[in-house]
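Scroll down for the structure; my scribbles are underneath it.
The values are calculated or read from the model by the stated rules, or taken from the named source; none is laboratory data. All of these numbers come straight from a predicted model, not from anything done at the bench. Reconstructed Cβ throughout: ideal geometry from the backbone, glycine too, with neighbour counts over all protein chains shown. With ligands, DNA and RNA removed, areas are computed over all heavy atoms of the protein, side chains included. Shrake-Rupley method; radii C 1.70, N 1.55, O 1.52, S 1.80 Å.
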Amino acid sequence: MSGPVLPRDAAHEDEPVGRIEVREGRATSVGGMDIARVLPTKGRRTVGPWCFVDLITPPDAAHPDPMEVGPHPHTGLATVTWLFAGEAEHSDSLGTHQLIRAGELNLMSAGRGIAHAELGLGRRLLGAQMWVAQPESSRHGAPAFEHHAALPQVELGGAEATVIAGELAGATSPARADWPLVGAELRLQAGSVEVPVAPGHEHAVVPIDRPVLAGDAVVEPGWLALVPPGRSSLRLEAREAARLLLLGGEPLGEPIQMWWNFVARSKDELTQAWRAWQDHDEERFGTVPSRLARIDAPPPPWLPAR
């Protein structure tokens, strides 16, 4: 449920966006689950600090494959796990064992290194696995995990929002935030709503179950609308009740490097993380109590073949 970033995803670079632009997500598979990957996307690696968004979409609602993601590492990012339906178990190298249900938040900050495993429970799991790139001030720090069973909600006059991360319309999530950002689930009624947004932030609109109009752009479920900075509100419209994710934040102001389950600033850093995981460096990544098999990292494509 948390990666990996594939070579074609890692190749995307941030290009300027002067108006609301729509990008089509693409289908992939992670841990036995069908995924719609909406970020990174063509011409855009990050939206604020958000650098990775996977939507979990089982191909067969009656008989979906279970999610089973064995122990794997992360560096330089925070994983944001948000479920719309179902339950999952999280285990990590800090000794955490946490059940997450729909409407609850798991936030795992990797810092210099952490490892975890994820196991879906039951037959229907719908949700989003997202990454936030950590800034220089925290990306080399100690790993951490937090779970929030209740999050603030705010009425927007035509929509109800649950604030997952950061701040929206005066409501602030209790979750850790290393960078100015917003992450919210919006449940729209039929009709339109003006959502207040921070003018200095760039945003992404990610519909979950029905098409949504973002400004004048039609955005299908599993697609993404990129919204540039400079506006104080965003008009969203749906013909019938719809659910979406609103993600955004201040631009990071520096390029990031992404490969497999790592976020860094250079290929040298990515190589060091890869070698540490392949060498079973428990000082950096620890061990994960899990019955699932440990996942080995593929060789970085920039290193000579052995």
Among strands (runs of 3 or more DSSP E) entirely inside region 179-243, those with 3 or more residues being touching a residue at least 40 places away in the same chain (Cβ under 8 Å) are 181-188, 191-196, 202-207, 217-219, 224-227, 233-238
State all residues of region 126-143 that are in a strand (DSSP E or B) and open to solvent by 10 Å² or more (accessible area, probe 1.4 Å); if no residue qualifies, say none.
-> 126, 132
Any hit, region 2-19, residues being assigned to a loop (DSSP other than H, G, I, E, B) and at pLDDT 85 or above | yes
Kindly indicate which of 302, 259 is closer than 30 Å to residue 23 by Cα and buried (at least 22 other Cβ atoms within 10 Å of the Cβ).
-> 259
Would you check which residues across region 262-292 are farther than 16 Å from residue 114 by Cα, in a loop (DSSP other than H, G, I, E, B) and at pLDDT 95 or above and list them?
-> 265, 266
Looking at residue 27, is it at pLDDT below 95, open to solvent by 30 Å² or more (accessible area, probe 1.4 Å), part of a loop (DSSP other than H, G, I, E, B) and of a type in the set (Gly, Ala, Ser)?
-> no
